[in-house]
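Let me begin by presenting the structure, written as structure tokens, before commenting on it.
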Amino acid sequence: MSIIFKQNKKLFTIHTKNSTYQMHISKYGHLIHNYYGSKVEDMDLSYLIRGVNRGFSGTPYEAIDDRGYSLDTYPQEYSTYGIGDYRSSCLTVEHIDGSQAIELIYDSHKIYSGKYHLNGLPAIWAKENEAQTLEITLKDKYSKIKVILSYGVLEELDVITRACKIYNDGETPIYLNKALSCCIDFWQDNMEMISFYGRHAMERTLQRRKIEHGKLSVGSVRGTSSHQQNPFVILCETGTDEDHGKCYGASFVYSGNFIAEAEVDQINHTRFVMGIHPEGFRYYIESKESFLTPEVIFVYSDTGIGAMSNKIHDLYRNHLIRSKFIKERRPVLLNNWEATEFDFTQEQLVDIAKTGNELGIELFVMDDGWFGKRDHDKAGLGDWFPNDKKLPNGVKGLADQIHNLGMKFGIWIEPEMINEDSDLYRNHPDWCLSIPNRQPNVERGQLVLDMSRTDVREYLYDSISKILDTAQVDYVKWDMNRNLSDIWSATLPSNRQGEVSHRYVLGVYELMERFVSNYPNILWEGCSGGGGRFDAGILYYMPQIWCSDNTDAIERISIQYGTSFGYPISCMGAHVSNIPNQQTGRTTSISTRAEVAMAGTFGYEMDLRTLNEEEKEIVRLQIQELKKYYDVIQYGDYYRLTNPLEKQELAIWQFVDKDKKKSLVSVVALRTRANAPFSKVCLKGLKEDGFYQIGDGKELYRGSALMRAGLNIPVLKGDYPSLHFYIREVE
Ligand code: DGJ
């Protein structure tokens, strides 16, 4: 049993393989957090809580003479605004009289096998025997509002998920001005937050900061999870590194606005909260209606960040992503975007695909530009019918030609967007997000469709499924190329406009669900100008996401490095593109570009016709090699052996299969030097006493030697040279 309730002590304990999470119901009925950290066997940890009158930290009324009992200093399980806890709150409720306070008292609980579901929201899933759920119902002391806290426990993976439902059981409506998903109070002030910041074409750059007095907050108010911050953070103790120390990965399973906030309070405890960003958020809840917060996943490791990442990778591959493709080898892809952008004809595409086919490419993807009057980025979005100049026989005409080559065929779509120069806009100008009597903010010449509207979603489903039903489409890339602004929906009354951003995300999820469940044989890839919506929410619907519009191999090393902390390699779209690179102007060899793209869902995004014969032969071999290594890369454990942000000379990463029999080590030289000193690297994840062969080499190396003494890296010369070692156990 991973969840235990002790009635006599009013104590809830959750055990995972390596962690313990505990809370108790206080004598006044509040749910007090005792502990979350390394495993502690059967023990009531309430002794950790010491009530001291701190001054300026009040008590609930009934504790008037118990001055040490303060909601401002006691660790809370779900902090609320307005009742004397002045730290970061999770919940702000506005009642009919305008007051904003809610004091939550334990009401009841239940424990059951399996994992809870969240209607309309993505969430971790598990079989009955793989997880357990704890649901604790809390009630406002003075109103009839209930809060149901849900905890999902996947013991083996050290995972605890959290979400909650706020239910208005009263007779009058309320507003939620803030409704975060979780709060955790830690007994320490030696914690750091690792977050992943960026911008378009440079996503998920690691940043590590000490959590101190005052709030350390990252988030997005862009309507999507964003390029600028990712909804995945790591909390760790000072000194924690890849292989040592305690850390908690916190991932928000949501694709819209978010906040992850931490602070050290007046008595040097650390509070962490996560959920939907409160800016612009206001939810109206009628009597007997409820609001469901998205899920936060916590993954614990006390053996460093590397182990935490591998647990998250396993979790996502086995309990988040539903697509059948997560367990299948995904086809090697060729995308035409960087080769042609909008300027192509059907013949050109077929010609590009043909060259790809000769080299071993398995899937050809027609990117943006095939529909409506889409000859540039200011027209066409919303008109999901083929552009008859480019595709005289429709999408089917091209799809058939590609299939005749023996390849699979895919298309690009951007359902959530609309250009003013489109039939859709001319017919339905009110379908986009915009505020009456204001000119909307425009980005890339496009506006955002109001995805909270059912009629909009119906139109999108009908028009896009018409394409999918008439042509054989094996792959779809779902793009989203701007952030939300001018948030106002023509279908909602004024008191519900604060709901639009969240309803937008729910609408997107509903549409995605409809598509992916009705077209399960299509390989879906998420995208938002590269990795602007790279989050666990999207992965619930699609097994892979285009990692970044930055396809420069050297920059990609940092982007993929940052992404790997919270996401499996098997979900990162990574392609070999043209040189000089479109974004940076840098030139790297085709081998180095492929070395980097192999640490992702591999493909090419270039005009392969421009390669010379020697390069074409290299591409042929790359594809063959990829197939050989595929299982290790996509299903194995992943190790970051160097940190490319620390300006090391070599970027090195490693994959090891689950049986520890095979491993692939990739090396890229970020800087080459004259008379270079020797380099070696200590590998990870092998069998201590196994014997390994490196490539076709004759010598055998003990696992412990490769892991402790290291593997020699030859001196590499030239601009950004690379190599890999394929290592196999010899029994
Ligand atoms: C942004 C994507 O990230 C690119 O790969 C490409 O699909 C363009 N959009 C097309 O407009």
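The values are calculated or read from the model by the stated rules, or taken from the named source; none is laboratory data. Being a predicted model, the structure only gives us computed values, none of them experimental. Please note: Cβ atoms are built from the backbone with ideal geometry, for glycine as well, and neighbour counts cover all protein chains shown. In case anyone asks, the SASA skips ligands and DNA or RNA and just uses the protein heavy atoms, side chains included. Shrake-Rupley method; radii C 1.70, N 1.55, O 1.52, S 1.80 Å.
Table: residues versus (1) touching a Gly at 6+ places or on another chain (Cβ under 8 Å); (2) surrounded by fewer than 18 Cβ atoms within 10 Å (Cβ to Cβ).
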{"residue": "635", "(1), (2)": "no, no"}
{"residue": "655", "(1), (2)": "yes, no"}
{"residue": "660", "(1), (2)": "yes, yes"}
{"residue": "689", "(1), (2)": "yes, yes"}
### Message
So, in the range 34-51, exactly how many residues are more than 27 Å from residue 308 (Cβ to Cβ) and either surrounded by 13 or more Cβ atoms within 10 Å (Cβ to Cβ) or in contact (Cβ under 8 Å) with a residue 60 or more places away in the chain (or both)?
### Response
4
### Task
Consider residue 532 carefully, then state whether it is touching a residue at least 24 places away in the same chain (Cβ under 8 Å), open to solvent by 10 Å² or more (accessible area, probe 1.4 Å) and within 25 Å of the chain's Cα centre (by Cα).
no
### Task
Go through the residues of the range 359-373 one by one and say whether even a single one is open to solvent by 10 Å² or more (accessible area, probe 1.4 Å), in a loop (DSSP other than H, G, I, E, B) and more than 21 Å from residue 422 (Cα to Cα).
yes
### Message
Checking the conditions here, which among 430, 423 is farther than 14 Å from residue 371 by Cβ, open to solvent by 50 Å² or more (accessible area, probe 1.4 Å) and either in contact with a Leu (Cβ under 8 Å, 6 or more places away or on another chain) or away from the ligand (no atom under 16 Å from the Cβ) (or both)?
### Response
430
### Message
Looking only at the range 290-346, count every residue that is touching a helix residue (DSSP H, G or I) at 6+ places or on another chain (Cβ under 8 Å), open to solvent by less than 20 Å² (accessible area, probe 1.4 Å), within 16 Å of the ligand (Cβ to nearest atom) and among the aliphatic types (A, V, I, L, M) and tell me the total.
### Response
1
### Task
Starting from the range 345-372, take each residue that is of a type in the set (A, V, I, L, M) and list its partners that are within 16 Å of the ligand (Cβ to nearest atom) and part of a helix (DSSP H, G or I), counting only C-beta distances under 9 angstrom and pairs at least six apart or across chains.
349/340; 352/339; 352/340; 365/337; 366/349
### Message
If a residue must be among the hydroxyl-bearing types (Ser, Thr, Tyr) and either within 16 Å of the ligand (Cβ to nearest atom) or open to solvent by 20 Å² or more (accessible area, probe 1.4 Å) (or both), how many such residues does the range 466-512 contain?
### Response
6
### Query
Hey, residue 447 hits all of (1) in contact with a strand residue (DSSP E or B) (Cβ under 6 Å, 6 or more places away or on another chain); (2) within 15 Å of the ligand (Cβ to nearest atom) but one; which does it fall short on?
(2)
### Task
Looking only at the range 58-85, count how many residues are under 25 Å from residue 261 (Cα atoms), free of Cβ contacts under 8 Å to residues at least 60 places away in the same chain and of a type in the set (Gly, Ala, Ser).
4
#### Entry: Count of the range 533-555 residues which are closer than 17 Å to residue 201 by Cα and of a type in the set (A, V, I, L, M, F, W, C)
6
### Query
Could we say that residue 573 is on the phi > 0 side of the Ramachandran plot and either within 13 Å of the ligand (Cβ to nearest atom) or open to solvent by 10 Å² or more (accessible area, probe 1.4 Å) (or both) here?
no
